[in-house]
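The values are calculated or read from the model by the stated rules, or taken from the named source; none is laboratory data. Everything numeric in this text was worked out from a predicted model, so none of it was measured. When we count neighbours, we look across all protein chains shown, and the Cβ atoms used for this are built from the backbone with ideal geometry, even at glycine. Protein only, heavy atoms only, side chains kept; ligands, DNA and RNA dropped before computing areas. Shrake-Rupley method; radii C 1.70, N 1.55, O 1.52, S 1.80 Å.
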Amino acid sequence: MKNNDILFGTIRKFCSRIDRVSICRKETLDYENYKSIKDVPENYDQYFLYGFGMIESEFDDTLKNCIEIMISKEPRNDI
């Protein structure tokens, strides 16, 4: 692991506890929406952070603002 590789588990504790979260897996572009960071399964903690930002995603059949976090099994090598 290089110095600039960040695991999702490292940033979890810094994420808002009140905002919705969308986790997107880079390899498949599949995503899962959660009501808050505490609902995101711990098995994602060993994935690498690829990027994050605010988006609108589908929650309860409506679009709502959330934090999207893209994770990957492989660290980024373009930065």
task: Determine, yes or no, whether residue 49 is at pLDDT 95 or above and under 18 Å from residue 79 (Cβ atoms).
output: yes
- prompt: Considering only residues of the stretch 19-64 that are of a type in the set (A, V, I, L, M) and under 21 Å from residue 7 (Cβ atoms), which is most open to solvent (accessible area, probe 1.4 Å)?
  reply: 29
- request: Return yes or no: is residue 7 within 23 Å of residue 79 (Cα to Cα), open to solvent by 30 Å² or more (accessible area, probe 1.4 Å) and free of Cβ contacts under 8 Å to residues at least 12 places away in the same chain?
  value: no
